[in-house]
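The values are calculated or read from the model by the stated rules, or taken from the named source; none is laboratory data. These numbers were taken from a predicted model, which means no experiment stands behind them. Cβ: placed from backbone, ideal geometry, glycine included. Neighbour counts: every protein chain shown. Ligands, DNA and RNA are excluded from the accessible area calculation, which covers all protein heavy atoms including side chains. Shrake-Rupley method; radii C 1.70, N 1.55, O 1.52, S 1.80 Å.
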Amino acid sequence: MPFWLAWIGLPFITIYSKISGRTPLYTRESLKIIINCSKQISYEKAKRELGFNPRSMDETVKDSMKWFDLNGYL
């Protein structure tokens, strides 16, 4: 999703979460963190010390879509 679209949707997400009592999908703070984060963050330490083994993007997207569907977000 483009960031500009996320910013436009923010008021609606906030209102919906207040009406429904559900946790918002994202917040102003989470968008700011994503926009301002460093693109040079390495996962080498997590790989070395925690055994982190990243999955392929295809597998991650498929699992995410399945989760959203099972939890009623789609």
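In region 13-45, how many are open to solvent by 80 Å² or more (accessible area, probe 1.4 Å), under 26 Å from W67 (Cα atoms) and over 14 Å from the mean Cα position of the chain (by Cα)?
6
Do we find that W67 is in contact (Cβ under 8 Å) with a residue 24 or more places away in the chain and not in a loop (DSSP other than H, G, I, E, B) in this structure?
Values: in contact (Cβ under 8 Å) with a residue 24 or more places away in the chain: no; not in a loop (DSSP other than H, G, I, E, B): yes.
It is false that W67 is in contact (Cβ under 8 Å) with a residue 24 or more places away in the chain and not in a loop (DSSP other than H, G, I, E, B).
Please enumerate the residues belonging to region 46-60 that are open to solvent by less than 70 Å² (accessible area, probe 1.4 Å) and closer than 21 Å to F3 by Cβ.
T60
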